[in-house]
């Protein structure tokens, strides 16, 4: 079996036309060259039969574009980010771009390494789920005029394109839901991060308490480190459940926190929602499979991913495209884990 790469000349010889004509047709320019439909169809059919593969490297060298996008996400093991990656990949493909994906595991150094690798691969632009302490990386991209869009997270002090969830409102709604269901002592388990999205989730929780005239108890806010999540979530749950006036509900600020928390809650034989009501961020099938289906804040994952691609493609096609900053609303999906407290009247 021959391994010789099929060239435009091979197709031209079989079709009985010039190489230039074949090039026009296969690059979608048959109308410009006034090629008849019959000839164009014949050329495309021969290309298919010969299994012609275009030389993308040569095309990239001519255009200065690789038609690839770098996607840097925070944690590929999180279903939220895994699903966003799929949406970005599908939407980019629909727009003629290939996506190269890297996960930085919430680590700024790893994020910087990924950016450099992808810049050296000459990606046309980036979609970035930023990690803590990566502001300088974003400034570097701005200085180098490398197009990018921040997804899910952004830095309020940096002027940059982003599409994200309204985290303040989502957390406010999560806490307010529990308070309306009759739960009076609501705890929050969050990541120990200075990132804007996490601080907004903490702020939303505190504002909901304030609006119901409930004093914020700092002992009910537990912040754990991402790199030590399993151990610190267990400690956080032990601490809040050991309080004399222990909480009757808890909000998990991310899916990863919820999964680790639910495992330990099971081990401790804490009943949901009788002993502890639960609301979590991040949607995943596991929330349906838990013995008590978990109430969660549904973030518009598909719309977030599609909008990020749309914004980046516009920037790539028109470098003068104006800056856009978009916040999208999350929707509370109420399930059994936060049903009305038994002694609370309707």
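The set of residues in region 186-226 being under 17 Å from residue 265 (Cα atoms) and either outside any helix (DSSP H, G or I) or at pLDDT below 95 (or both) consists of 186, 187, 188, 189, 190, 222, 224.
Taking region 289-322 as the range and being more than 21 Å from the chain's Cα centre (by Cα) and either in the same structural domain as residue 198 (by TED's automatic domain parsing) or within 21 Å of residue 174 (Cα to Cα) (or both) as the test, the residues that pass are 289, 290, 291, 292, 293, 294. Output yes when any residue across region 159-166 is closer than 25 Å to residue 324 by Cβ, in a helix (DSSP H, G or I) and touching a strand residue (DSSP E or B) at 6+ places or on another chain (Cβ under 9 Å), and no when none is. No, the conditions are met nowhere in region 159-166.
Taking residue 179, is it buried (at least 21 other Cβ atoms within 10 Å of the Cβ), modelled with pLDDT of 95 or more and outside any loop (DSSP other than H, G, I, E, B)?
Spelling it out, it is not the case that residue 179 is buried (at least 21 other Cβ atoms within 10 Å of the Cβ), modelled with pLDDT of 95 or more and outside any loop (DSSP other than H, G, I, E, B).
Put simply, of 101, 127 the only residue that is assigned to a strand (DSSP E or B), crowded, with 22+ Cβ neighbours inside 10 Å, in the same structural domain as residue 306 (by TED's automatic domain parsing) and in contact (Cβ under 8 Å) with a residue 12 or more places away in the chain is 127. A search for C-beta distances below 9 Å between a residue of region 86-97 that is in the same structural domain as residue 311 (by TED's automatic domain parsing) and surrounded by fewer than 20 Cβ atoms within 10 Å (Cβ to Cβ) and any residue that is assigned to a loop (DSSP other than H, G, I, E, B) and at pLDDT below 95, counting only pairs 6+ apart in sequence or on different chains, returns 96/67. If a residue must be modelled with pLDDT under 95, in a helix (DSSP H, G or I) and touching a strand residue (DSSP E or B) at 6+ places or on another chain (Cβ under 6 Å), how many such residues does region 227-256 contain? Of the residues in that region, 0 qualify.
The values are calculated or read from the model by the stated rules, or taken from the named source; none is laboratory data. All of these numbers come straight from a predicted model, not from anything done at the bench. Heads up, the Cβs are rebuilt from the backbone with ideal geometry, glycines too, and the neighbour counts pull from every protein chain shown.
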